[in-house]
Amino acid sequence: MATVAVAAEPGAGAGAGALSALRDALRSRRLILGLVVVGFFVLVAAFGPLFVGDPNHEYTDALNAGPSAAHWFGTTNIGQDIFAQTVDATRPTLLIGAAAGLIATAISVVIGIGGGYLGGIADELLALLTNVALVIPTLPLVIVASKFMGDNGLTPTIFVIAFTSWAASARVLRGQTLSLRNRDYVLAARALDEPRWRIILVELLPNEMPIIVSQFTFSMVFAILGQAGLAFLGLQSADMLTWGNILYFAQNAQALDSGQWWWFAPSGLCIAVFGAGLALINFGLDELLNPRLRVYRPSKARAERSS
Amino acid sequence: MRLRYIGRKLGFYLVAAWVAITVNFFLPRLIPGDPVSIIISRQTQSGTVPAGEAAALRKLLGLGSGSLLSQYGQYLDQLVHLNFGLSITEFPTPVADVVRPAIAWTLVLVGLATFISFCLGVGLGALAGWKRGTRIDALVPSTTLLTAMPYFWLALLLVYLFSQKWNLLPAQQGYDPSLDVGWNSAFIGSAIQHSILPAMTLVIASVGGWLLGMRNMTVATLSEDFVVAAEARGLSPVRVLTRYAARNAVLPSVSGFAVSIGFVVSGQIVMEQVFNYPGLGSLLFQAVSNEDYPLMQALFLTISFAVLGSNLLVDLLYGLIDPRTREA
Amino acid sequence: MNDDASLVLRATDVSVAYEGRRPTRAVREVSLELHAGEVLGIAGESGCGKSTLAYALTRMLRPPAVQTGGTIEYVDRDGRTWDLTALEPGELRKLRWAEFSMVFQSAMNALNPVTSVGAQFDDIFRTHRPEMDRAERRERARRLLEMVGIDPKRVRSFPHELSGGMRQRVVIALALALEPRLVVMDEPTTALDVLVQREILDEISRLRAELGFAVIFITHDLGLLLEISDSLAVMYAGQFVEYAPARRIAEEAQHPYTQGLLRSFPSLRGGRRDLRGIPGNPPDLRQDLDGCPFAPRCEHAFDRCRTEAPQLLAAPGYWPFSCHLRDVPNGSEPRKVEVDERA
């Protein structure tokens, strides 16, 4: 009920808003946990390689060894240290995720916000393009395209993933823009004849920032999962070491058939945990921006009364 | 009554299909060198290449004679006749015959798993939203861990546990190869048994998305006036939840189906490789390994059309469950 | 008003708070009585707690809002008294709609958008009148629609196919489906345009005369209440500040806030008045209020108002209001008091 919800926070001044939002942010356990997880992986990506040897050129005598004090995650069939590989793979994996996510988000911002704001035939066409891109399955396209190109190093991978994964974000941003463009402050700016680019940059973009950030986290997870899939199918350059490539090597060496779970487990878990970390950040943002999703926990005695 | 809605949807999917076909037309231009001579020389290694194959291939890959437009015309002509050329992988079987048997395997598996996953996710999501703030609801964020797992990795995990460690379920192929393929109980039983692990993978990996979306929508819908009004009318909680809250909360899940099915299909394609499942994904993997360009193209189109078809189906279903798609 | 035999609702010292780091005490010890067929108007600015009170009276509060005190008694048509605050959910559901129903603020959203109008009547009858068969339910829904001036064929329509005014009529028809003794109306006409507002109000008055249900009518529009109410409560900062017969309040309002509200719209009877709003804003209900909550905005406030909260008490010959002017000689001529204090 609108009235009741409004009455819940009477007199909350605009100035106090930012501060209390920050306080709320720090109270959200999910957001903090997400930031810790993602921060941890970023640190590993930045500094991890300094602490482990080069796993591709240092071989131990222990082949196919299980986890031990010397090799925390065990070794591969040719004696590479899997822990060192996992740490080393963090940087390229995150780089692909971040770069492809960033490009995809940028495309979605241009198409979603641009179309939504311009309206008319331009919006119709961009919306059609978005919806078409949304229903055409991307992975088969990516597989076929990257196989046809023949080059599957870092840069082509980033671009192929980015160009096929912007549509969902664009649709969300368009919807948001359509609802924002009729708000008072935007109408006021239009009435004042402010140039379009200024309205988009100054009035719309900052207000959509939280959604853009949330879409970026989705894109990043999607890019990392996509790259892992491509790598697992052997469609990624073997010179590049990502978590997906490690899984490919493991599969190629039939690690699972010989029960070498330690070869598979770390990389997959890293992907899942990092993705969950990003998702938790998203959860936290959602709770902050969408008060209706916030959970109220009434004290027990009162909860019984009101039920 | 809903003719305009149906017409608009049909029109949209026709455009989408045309885009898929056109993308497919331009794709071979990414191949460095002359793909036709590469293919013919590879085919020659496997056996006798029938006369006219090179010309047909050229047309199919959009590299026929004349202007771009006439190349496009020749390409469409090949498609209309389902003439996808000869497969390199299974030379000299025509590509269409290679693809056809794989379609049902993937379609049935993905269809059933998506149906189970949708029902499970939407049901649990509605429950979690209804009981928000309780212990059931507190479990919801943990499903993101499942959602962020690569499908194929989850598949590997399940194979390791159910097949290798506990020896409960078969991990390879779609059926026991010693059986005759056909509508007999032994074969169908074996197919079902072999589909359990792949289906489980799809369900576990995709249920979190449905669940989370439904949970949030249910929470949002519960504070809508019409739900409060339903409660004020003294309707039973079950009726309020099902007929008022969940009935409305499920709409975005259905209209967002396209995004979800895209995820599932992508996951399925890679996952089939883990199980050696006789579907489109394994075939695509073989095509990629063998640089079987005609097969790749046919598969891209087949998968695209399957996805477009299922999206159209869901959109039409949406037209049935949301009366606002009717003309006022 | 003292005829207890016709009592429908009696609330005693009802308080509601929105829980949070600093709880918002939205309703503070409100008491009221409602008799059969009576129309009680509750007026006040937005945020004064009037909707929250309506939700509390019908036990519709949801977290974070909780009733923190007071009792609510309801007397049903058989003369049984129910303590609404102590009812089991199942018993409460039986009373709901059959005894008291609600018309919500926004007609646009009070109807389930995905089921037909008829289906929403059906849900009510299936729950409360399981003995009715399908044809009876349909027939009753058609009659109810007809009663509020809508083509009975509309039972098959979906909410989006109806105009705002029609939707609000449907909502009213739904509220009357089981012939309740009490209908709580929370700003039932606010979302509608002026012409439709008038139609709906006339409709409500007509139906009330016909069916004889009691009404609690909540709105920020005091003029409207003067017209339709039997008694009228003015709410400020979660409290009733004046609780009077509607006929007399227009001319003899005792509380400065009521006077201010009366001044802020054109009089229905009588000549033109000085159209003024009330300066300032209502207090932050998260704080404890020292003294009279209206004091900071009151042109008659004196020292006592800032330290001591006035009680809701009647002055001789008058009705209850909460203002220290009651104890001041010539209190009914407040302007003089103001001059005295400043001198």
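The values are calculated or read from the model by the stated rules, or taken from the named source; none is laboratory data. Note that the structure is predicted; figures quoted are calculated from it, not measured. Neighbour counts run over all protein chains shown; Cβ positions are idealised from the backbone, glycine included. Just so you know, the surface numbers come from the protein's heavy atoms only, side chains and all, with ligands and any DNA or RNA stripped out. Shrake-Rupley method; radii C 1.70, N 1.55, O 1.52, S 1.80 Å.
Tell me, which residue of the stretch B:299-328 that is among the small types (Gly, Ala, Ser), touching a helix residue (DSSP H, G or I) at 6+ places or on another chain (Cβ under 7 Å) and part of a helix (DSSP H, G or I) is nearest to the other protein chains (Cβ to nearest Cβ)?
B:Ser304
Counting just the residues of the stretch B:304-328 that are among the β-branched types (Val, Ile, Thr) and open to solvent by 10 Å² or more (accessible area, probe 1.4 Å), which one comes out nearest to B:Gln45 (Cα to Cα)?
Out of the qualifying residues, it is B:Val314.
Hey, does the stretch A:112-120 have a residue that's open to solvent by 20 Å² or more (accessible area, probe 1.4 Å), within 14 Å of another protein chain (Cβ to nearest Cβ), modelled with pLDDT under 90 and in a helix (DSSP H, G or I)?
No, the conditions are met nowhere in the stretch A:112-120.
Can you name every residue in the stretch C:66-124 that is open to solvent by less than 10 Å² (accessible area, probe 1.4 Å), in a strand (DSSP E or B) and within 8 Å of chain B (Cβ to nearest Cβ)?
Listed by number, the residues that qualify are C:Ser101, C:Met102.
Of the numbered conditions (1) within 13 Å of chain A (Cβ to nearest Cβ); (2) buried (at least 19 other Cβ atoms within 10 Å of the Cβ); (3) more than 12 Å from B:Pro198 (Cβ to Cβ), B:Thr106 satisfies every one except a single condition; which is it?
Here B:Thr106 clears every test but (3).
Could you tell me which numbered condition B:Ala245 fails, if it satisfies all but one of (1) part of a helix (DSSP H, G or I); (2) away from chain C (no Cβ under 14 Å)?
Failed condition: (2).
Which residues, counting only those in the stretch B:278-323, are in contact with a Ser or Thr (Cβ under 7 Å, 6 or more places away or on another chain) and either within 30 Å of B:Ser255 (Cβ to Cβ) or not assigned by TED's automatic domain parsing to the domain that holds B:Val110 (or both)?
Within the stretch B:278-323, B:Gly279, B:Leu280, B:Gly281, B:Tyr318, B:Gly319 qualify.
Residues that are free of Cβ contacts under 8 Å to residues at least 60 places away in the same chain and surrounded by fewer than 19 Cβ atoms within 10 Å (Cβ to Cβ): find the helices (runs of 4 or more DSSP H) completely inside the stretch C:157-259 holding 2 or more of those. Before the answer, list the steps.
On the way: elements: C:164-175, C:194-211, C:222-228, C:246-252.
Hits in the stretch C:157-259: C:194-211, C:222-228, C:246-252.
Go through the stretch B:4-36 and report how many residues are open to solvent by less than 60 Å² (accessible area, probe 1.4 Å) and assigned to a helix (DSSP H, G or I).
Of the residues in that region, 20 qualify.
So B:Gly213 passes all but one of these: (1) within 28 Å of B:Leu139 (Cβ to Cβ); (2) open to solvent by 20 Å² or more (accessible area, probe 1.4 Å); (3) within 14 Å of chain C (Cβ to nearest Cβ); (4) not β-branched (Val, Ile, Thr). Which condition number does it fail?
Unmet for B:Gly213, out of (1) within 28 Å of B:Leu139 (Cβ to Cβ); (2) open to solvent by 20 Å² or more (accessible area, probe 1.4 Å); (3) within 14 Å of chain C (Cβ to nearest Cβ); (4) not β-branched (Val, Ile, Thr): (3).
Determine, yes or no, whether B:Ser206 is polar (S, T, N, Q), surrounded by 23 or more Cβ atoms within 10 Å (Cβ to Cβ) and either assigned by TED's automatic domain parsing to the domain that holds B:Phe263 or touching a residue at least 24 places away in the same chain (Cβ under 8 Å) (or both).
Against the criterion (polar (S, T, N, Q), surrounded by 23 or more Cβ atoms within 10 Å (Cβ to Cβ) and either assigned by TED's automatic domain parsing to the domain that holds B:Phe263 or touching a residue at least 24 places away in the same chain (Cβ under 8 Å) (or both)), B:Ser206 qualifies.
Is it the case that some residue within the stretch A:145-153 is in a helix (DSSP H, G or I) and under 20 Å from the mean Cα position of the chain (by Cα)?
So far as the stretch A:145-153 goes, no, none of its residues is in a helix (DSSP H, G or I) and under 20 Å from the mean Cα position of the chain (by Cα).
Would you confirm, using the coordinates I've provided, whether A:Asp257 is under 24 Å from A:Ile143 (Cα atoms), surrounded by fewer than 24 Cβ atoms within 10 Å (Cβ to Cβ) and modelled with pLDDT under 85?
no
From the set of residues in the stretch B:131-174 that are more than 13 Å from every other protein chain (Cβ to nearest Cβ) and either of a type in the set (Val, Ile, Thr) or touching a residue at least 24 places away in the same chain (Cβ under 8 Å) (or both), which is surrounded by the most Cβ atoms within 10 Å (Cβ to Cβ)?
Per the criteria, the residue is B:Gly174.
Just the residues that are aliphatic (A, V, I, L, M) and in contact with a Ser or Thr (Cβ under 8 Å, 6 or more places away or on another chain), please, taken from the stretch A:226-239.
A:Ala228, A:Leu230, A:Ala231, A:Leu235
For the stretch B:263-284, state whether one or more residues are in contact with a helix residue (DSSP H, G or I) (Cβ under 9 Å, 6 or more places away or on another chain), open to solvent by 10 Å² or more (accessible area, probe 1.4 Å), within 13 Å of chain C (Cβ to nearest Cβ) and hydroxyl-bearing (Ser, Thr, Tyr).
no
Scan the stretch C:20-43 and report the pairs whose first residue is farther than 18 Å from C:Val234 by Cα and whose second residue is open to solvent by 40 Å² or more (accessible area, probe 1.4 Å) and part of a strand (DSSP E or B), with Cβ atoms within less than 9 Å and a gap of 6+ or a chain change.
Cβ pairs passing all conditions: C:Pro23/C:Thr68.
Just to be sure before I move on: is B:Asn184 open to solvent by 20 Å² or more (accessible area, probe 1.4 Å), among the polar types (S, T, N, Q) and over 27 Å from A:Asp286 (Cα atoms) in the structure I sent?
Taking the combined requirement at face value, the residue satisfies it.
Restricting attention to the stretch C:260-303, report how many residues are within 17 Å of C:Val241 (Cα to Cα), among the basic types (Lys, Arg) and either open to solvent by 50 Å² or more (accessible area, probe 1.4 Å) or at pLDDT below 80 (or both).
1
Pick out the one residue from A:Ala228, A:Ala223, A:Ala272 that is under 23 Å from A:Phe163 (Cβ atoms), open to solvent by less than 20 Å² (accessible area, probe 1.4 Å) and at the interface with another protein chain (Cβ under 8 Å from one of its Cβ atoms).
Just one listed residue meets the conditions, A:Ala228.
Within the bounds of the stretch C:47-64, is there any residue that is farther than 23 Å from C:Leu312 by Cβ, more than 14 Å from chain B (Cβ to nearest Cβ), open to solvent by 10 Å² or more (accessible area, probe 1.4 Å) and not acidic (Asp, Glu)?
So the first thing to find is which residues in the stretch C:47-64 are farther than 23 Å from C:Leu312 by Cβ, and the list is C:59-60, C:62-64.
From what's left, more than 14 Å from chain B (Cβ to nearest Cβ): none.
Among the residues of the stretch C:47-64, not one is farther than 23 Å from C:Leu312 by Cβ, more than 14 Å from chain B (Cβ to nearest Cβ), open to solvent by 10 Å² or more (accessible area, probe 1.4 Å) and not acidic (Asp, Glu), which makes the answer no.
Exactly one condition in (1) over 22 Å from C:Val8 (Cα atoms); (2) charged (D, E, K, R); (3) at the interface with another protein chain (Cβ under 9 Å from one of its Cβ atoms); (4) outside any helix (DSSP H, G or I) is false for C:Glu131; which is it?
Here C:Glu131 clears every test but (3).
Return yes when C:Arg137 is open to solvent by 50 Å² or more (accessible area, probe 1.4 Å) and among the charged types (D, E, K, R) and no when it is not. If you could, list the steps in order and put the result at the bottom.
Values: open to solvent by 50 Å² or more (accessible area, probe 1.4 Å): no; among the charged types (D, E, K, R): yes.
No, not satisfied.
What are the pairs, 6+ residues apart or on separate chains, where a residue within the stretch B:1-13 that is farther than 16 Å from B:Ala258 by Cα has its Cβ under 7 Å from a residue that is assigned to a helix (DSSP H, G or I) and modelled with pLDDT of 90 or more?
Listed by first residue and then by second, the contacts come to B:Ile6/B:Leu316.
Could you tell me whether B:Leu76 is in contact (Cβ under 8 Å) with a residue 24 or more places away in the chain, open to solvent by 30 Å² or more (accessible area, probe 1.4 Å) and within 18 Å of the chain's Cα centre (by Cα)?
Here the answer is no, as B:Leu76 does not meet what is asked.
Quick one: which of B:Ile88, B:Ile103, B:Ile116, B:Ile136 is closer than 20 Å to B:Ser289 by Cα and assigned by TED's automatic domain parsing to the domain that holds B:Glu224?
B:Ile103
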